[in-house]
Amino acid sequence: MKKNYLLFFLISFKLFAQNPELDPTFNVKDTGIYQQNIGYNAVLLPDNKILSVFETGNRYNVTLLDSDGSPVRTFNTTDSFAEYTIQIFAKSDGAFITLEEGGKIRAFNANGTLNSVFPTSVFKNVSSNPVQIKNVIYQDDGKLIINGAFDMTNDVFTGGMVRLNSDGSIDSTYKLQSGGNKFILLSDGRSFA
């Protein structure tokens with residue numbers, strides 16, 4: 001009887017397994033030789049476009065790719081240049097923030113231009129320990145919840161947890177002094193770390 005269950009499990013596993021296939025509509029310039037670079041740390045947007053990080057020399061910038069892998073020429077990539085590795089966090093409307101290695105956050109509009117309302121936020125430690133950002137939650141209202149191993153946000157003591165308003169200012173109504181390893185935001189707005 002156990003053998004029948006095992007056989008049934010193996011057959012059903014095979015039936016439901018996906019067969020990987022190349023998507024010929026993505027990156028149509030693909031010659032079959034691995035030479036195309038679509039970047040890394042990519043984020044898929046609701047319209048199936050892709051925000052991706054490109055490295056040129058020792059500089060990094062964000063670019064927007066169409067669903068077929070071709071670059072969107074109207075997207076401004078010059079404002080997002082950084083000297084260190086970048087992570088991208090995007091809202092559903094295409095606006096995004098970049099987190100640079102070393103604890104610097106910058107906000108961008110959906111067209112790739114720098115968000116002039118949101119100043120660059122810098123995270124620091126009082127000690128010589130390196131800053132580590134563990135979690136970033138980019139809410140659709142434009143607020144950011146950030147936790148990790150840092151003491152200061154824009155030269156204000158915040159501990160390892162801070163919420164920034166959509167204009168980049170520190171949300172003083174948000175009081176959670178924890179730098180836990182995992183942060184979860186519940187659908188009703190409550191959170192725990």
Determine whether Gly94 is within 19 Å of Asn41 (Cβ to Cβ) and either of a type in the set (Lys, Arg) or in contact with a Leu (Cβ under 8 Å, 6 or more places away or on another chain) (or both). yes
If we scan region 118-127, do we find a residue that is within 14 Å of the chain's Cα centre (by Cα) and charged (D, E, K, R)? no
Would you check which residues across region 110-139 are in contact with a Ser or Thr (Cβ under 8 Å, 6 or more places away or on another chain), farther than 15 Å from Val62 by Cβ and touching a residue at least 40 places away in the same chain (Cβ under 8 Å) and list them? Val117, Phe118, Ser121
Inter-residue pairs, beta-carbon under 7 Å, first assigned to a loop (DSSP other than H, G, I, E, B) and open to solvent by 20 Å² or more (accessible area, probe 1.4 Å) and in region 83-109, second modelled with pLDDT under 90 and of a type in the set (Val, Ile, Thr), 6+ apart: Glu101/Thr85; Gly102/Val131
Can you confirm whether region 53-62 contains a residue that is open to solvent by 70 Å² or more (accessible area, probe 1.4 Å) and either in contact (Cβ under 8 Å) with a residue 40 or more places away in the chain or closer than 21 Å to Lys124 by Cα (or both)? no
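The values are calculated or read from the model by the stated rules, or taken from the named source; none is laboratory data. Remember, it's a predicted structure, so these values are computed and weren't measured experimentally. Quick reminder, even Gly has a Cβ in these numbers, built from the backbone with ideal geometry, and neighbours come from all protein chains shown. We work out accessible area using only protein heavy atoms, side chains counted, and drop any ligands, DNA or RNA first. Shrake-Rupley method; radii C 1.70, N 1.55, O 1.52, S 1.80 Å.
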